[in-house]
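See below for the structure under consideration.
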Amino acid sequence: MQILRVKRNEAYMNLPELEKKLIAAARLKAPDERVPYAFERRITAIVATRGAADHWVFWSRGLWRAAAACAGVALVFGAVSVFIPAMPDGNNDLSQDFENTLLASVDLSDNSSPP
């Protein structure tokens, strides 16, 4: 029986067959004398007390780290905008340019309407 099946670029493992083969291989090898007494029981007790992993913890840690990085970038750009003086441009006022752009269609419709 095959352990690994491949179907159209996807691989599926036959887990029960793999488990049987691993257990058979482990039973063939005698336990080492250097292993402490009840080692496997202690390890399984530790694993049992840990419980399942909470995936929300990983998401929240990553998002808080990203928020800290964004706050750092915002502080750097804020400091740059405060400490580096703006170059004075003669007639270029951003608020005026923005207002003229928004009201351009209204001005065009007023000019094109018959009196």
Inset, instruction - Could you identify the single residue in Leu63, Leu102 that is modelled with pLDDT of 85 or more, of a type outside the set (S, T, N, Q) and exposed (fewer than 10 other Cβ atoms within 10 Å of the Cβ)? - result: Leu102
Legend entry - Residues (among the β-branched types (Val, Ile, Thr), part of a helix (DSSP H, G or I) and at pLDDT below 95) located in region 66-92: Val80, Val82
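The values are calculated or read from the model by the stated rules, or taken from the named source; none is laboratory data. Because the structure is predicted, anything quoted here is derived from the model rather than measured. All Cβ positions, glycine included, derive from the backbone under ideal geometry; neighbour counts span all protein chains shown.
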